[in-house]
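Everything below concerns the one structure shown next.
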Amino acid sequence: MISAGIDIGSRSIECVTIKNGDISEIRKADTGFDPIGQAKQLINGLKFDRILATGYGRNLFEIEHNTATITEIKAHARGAVHFFPKVLSVLDIGGQDSKVIKLNDSGKVIQFEMNDRCAAGTGKFLEIMAKTLGFSIDTFGNEAMIAKKDLSISSMCTVFAESEVTSLVAKGENPNEIARGLHLAVLKRAVSMLNRVCPKGPVVFTGGVANNPFIVERLAQMTQREILVPQPPEINGAVGAALIAMENGKQIK
Amino acid sequence: MKQQLLKKLQQNAELNINDIEEHKRKGNHAIGFYCLYAPTELAVAAGAIPLPLCGTRHDPIEVAEETLPRNLCPLIKSSYGFAVSDTCPFFRFSDIIVADTTCDGKKKMFELMSDIKPVHVLQLPQQQNFDLFLEPWKNEILNLKTVIEDMTGNQITREKITSAIELLNRERKAKKRLMDITKATPSPLTGMELVEILFKTGFFADKQKGIDLIDEIIDVCNTLIKNGDTPYKIDTPRILLTGVPIGLGSDKVVKIIEESGANVVAFENCSGYKQTFQIDETKEPFLALAEQYLSIPCSVMSPNQGRIDLLDEMISQFSIDGVVDLTWQACHTYNIEAVQVQKFVNDNCKLPYLHIETDYSESDTEQLRVRIEAFLEMI
Ligand code: SF4
Ligand code: SF4
């Protein structure tokens, strides 16, 4: 049997199929302005027996395709357990939100916290800031890495941070150090959420931001915990959805 | 049958406005209340209608923000907005406002409100230590008695206060019976229906009318239970909502929980089960009032062990599967107390717990939905 999982996020859509317990296909697309249209195109021609949707666009997909859905919390929890079976803590930093999920030793979610009030502390924040500084988002982490010292950015709100960055640039601060400061601002938020919800043990780090080498390295330093990143980290939710589709079939709700 | 009754409730609520108008035309009074701590018995004993004024709608918030800071609890902004914009008939009917020094935001808002209408502020102690605070609190109640007597020209005699206590005890008993209906598994009532019934019966000029209507609703619900007539299944998750008060217009969390497939069967807040206390009818009436009202377990009290005790009792009596703790944005007391509530629910009751901080607007509906659905997946 082939089961599929589709994670319709605000920035990107990931779709994964699983055959005999192994990932058999990965597809990705940008969400754009028409999430359902994009999702439809993404699964076009894909072979699967069951599909389960997650992510913020899941309910639209549910209506369109008459499938079941699960929240991204449950999907990320399941995905994380697939990649790292004994893990109890999950940190996900995606395009539009970040979350921390605490699991018990049978992989069940027992507590979670989400930050989705504003872009601060998310992939979107870093993306906008990279643009403001004239860096590419793909190498933004490396730019932060080569900075000589830590710089502190006090504003976490995207709007204020942007003007703070502009004035730092005007003051002649080094752009790499500003980049690092912005990364540290995101990290500070993530770490305090992580410490509040699951203070101990290795952490599975998922979502697009987990591709950022500086964030991963500093996260380990700041928390003194092992940071485990599924490869690629952004498919974790879709993998979780596909697995739950396989385990529970269509009746899952 | 249930729908008919809800319609009847709505009709009665509309007629009730006429009743209050009639009452006022005859030269009688109405008194506005904002908080559960103020004994409405005093109004009833003086022949005045007590009206609950607590703002539960989003619309007046914009006007309120012309004066009040944005970063303030929506309940306070809504209450003030209704007052300044003169859009709440019950506020208009009120000859005087009885306020309490509960949280900082409310207390300071009442100072501004006193420019619009006479406001009498009760100094509410912030601790339930009877040795220290019962006497001053009782004196506050006696002062209020004088204020109301002077305004209405009616003496609050021992008989009158005793019979007001007896009447409102009966009303609270009826409300308790109503709220206990949802102890049935599955419940015949949705949480949204319960909110609506409690909210609308709160304004009745004629308390007996309200009690009779509640009794009628209870009878119908008992028949529904007997016939197994319910919108729910035996395994529908049963949720307890705790925290800040809610009402029509500020019930979005209940709505989302029930749209996501669960049933809110219990409300541990001052718009719900906290209203079910009884005043001791065997004691000196003012002492009994002072004791019972001071014992209300709201987060403005420090410490507030009574809330944990009430939660404990309700969680087992209502066979609760999960607890949602609601905090209005910028409400510090409930927000901080959430830490203790979470610990109690997780560690002592071994139940899933979700803390939600939000306001009256609809802007975060989808974000709340994810949290609530994920919470229900934990059950
Ligand atoms: S929450 Fe507390 S302070 Fe606010 S109205 Fe209710 S009892 Fe009064
Ligand atoms: S909800 Fe909190 S902040 Fe708002 S009025 Fe009640 S105690 Fe005050």
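A compact table of results
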quantity: Selection status of B:Leu294, within 16 Å of ligand 1 (Cβ to nearest atom), closer than 16 Å to B:Arg238 by Cβ and in contact with a Leu (Cβ under 9 Å, 6 or more places away or on another chain); calculated: no
quantity: Given (1) within 19 Å of A:Gly21 (Cα to Cα); (2) crowded, with 17+ Cβ neighbours inside 10 Å, number of the condition A:Arg218 does not satisfy; calculated: (1)
quantity: Meets criteria (closer than 30 Å to B:Thr236 by Cα and within 16 Å of ligand 1 (Cβ to nearest atom)) for B:Phe110; calculated: no
quantity: Candidate set: the range B:303-323, residues that are in contact with a strand residue (DSSP E or B) (Cβ under 7 Å, 6 or more places away or on another chain) and within 14 Å of B:Lys350 (Cα to Cα); chosen: the one surrounded by the most Cβ atoms within 10 Å (Cβ to Cβ); calculated: B:Val323
quantity: Enumeration of residues in the range A:177-212 that are assigned to a helix (DSSP H, G or I) and farther than 18 Å from A:Leu151 by Cα; calculated: A:Ser192, A:Met193, A:Leu194, A:Asn195, A:Arg196, A:Val197, A:Gly208, A:Val209, A:Ala210, A:Asn211
quantity: So A:Ala147, is it in a loop (DSSP other than H, G, I, E, B), modelled with pLDDT under 90 and surrounded by 14 or more Cβ atoms within 10 Å (Cβ to Cβ); calculated: no
quantity: Subset of the range A:105-127 (residues that are within 10 Å of chain B (Cβ to nearest Cβ) and not in a strand (DSSP E or B)); calculated: A:Lys108, A:Asp116, A:Arg117
quantity: Every pair of residues 6+ apart whose Cβ atoms lie under 8 Å, when the first sits in the range B:287-312 and is in contact (Cβ under 8 Å) with a residue 24 or more places away in the chain while the second is of a type in the set (Asp, Glu) and within 12 Å of ligand 1 (Cβ to nearest atom); calculated: B:Ser299/B:Glu337; B:Asn304/B:Glu337; B:Arg307/B:Glu268; B:Arg307/B:Glu337; B:Leu310/B:Glu268; B:Leu311/B:Glu268
quantity: Residues of the range A:62-77 satisfying the condition of being part of a helix (DSSP H, G or I), surrounded by fewer than 24 Cβ atoms within 10 Å (Cβ to Cβ) and either touching a Leu at 6+ places or on another chain (Cβ under 6 Å) or not aliphatic (A, V, I, L, M) (or both); calculated: A:Glu62, A:Glu64, A:His65
quantity: Those residues of the range B:223-264 which are in a helix (DSSP H, G or I) and either within 16 Å of ligand 1 (Cβ to nearest atom) or farther than 28 Å from B:Tyr334 by Cα (or both), in sequence order; calculated: B:Thr223, B:Leu224, B:Ile225, B:Lys226, B:Val253
quantity: The lone exception for B:Thr190 - which of (1) buried (at least 23 other Cβ atoms within 10 Å of the Cβ); (2) within 19 Å of the chain's Cα centre (by Cα); (3) over 21 Å from B:Leu51 (Cα atoms) it fails; calculated: (1)
quantity: Failed item in (1) on the phi < 0 side of the Ramachandran plot; (2) buried (at least 22 other Cβ atoms within 10 Å of the Cβ), with B:Gly243 passing the rest; calculated: (1)
quantity: Whichever residue in the range B:79-99 is closer than 16 Å to B:Met109 by Cα and in a helix (DSSP H, G or I) and, among such residues, is farthest from ligand 2 (Cβ to nearest atom); calculated: B:Ser85
quantity: Complete set of residues in the range B:38-81 that are within 16 Å of ligand 1 (Cβ to nearest atom), within 15 Å of B:Ile165 (Cα to Cα) and in contact with an Asp or Glu (Cβ under 9 Å, 6 or more places away or on another chain); calculated: B:Ala38, B:Pro50
quantity: Odd one out for A:Leu42, checked against (1) in contact with a Cys (Cβ under 6 Å, 6 or more places away or on another chain); (2) within 11 Å of another protein chain (Cβ to nearest Cβ); calculated: (2)
quantity: Counted residues, the range B:338-348 - those being crowded, with 17+ Cβ neighbours inside 10 Å and farther than 30 Å from B:Pro60 by Cβ; calculated: 2
quantity: Residue check for B:Ile76: surrounded by 20 or more Cβ atoms within 10 Å (Cβ to Cβ), among the aliphatic types (A, V, I, L, M) and more than 15 Å from ligand 2 (Cβ to nearest atom); calculated: no
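Quick grid of which residues meet (1) under 30 Å from A:Glu247 (Cα atoms); (2) of a type outside the set (Ser, Thr, Tyr); (3) over 22 Å from the mean Cα position of the chain (by Cα):
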position: A:Leu91; (1), (2), (3): yes, yes, no
position: A:Glu127; (1), (2), (3): no, yes, no
position: A:Glu143; (1), (2), (3): no, yes, no
position: A:Val165; (1), (2), (3): no, yes, yes
position: A:Asn174; (1), (2), (3): no, yes, yes
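The values are calculated or read from the model by the stated rules, or taken from the named source; none is laboratory data. All figures in this text were calculated on a predicted structure; none of them were measured in a lab. FYI the Cβ positions are ideal-geometry reconstructions off the backbone, even for glycines, and counts take in every protein chain you see.
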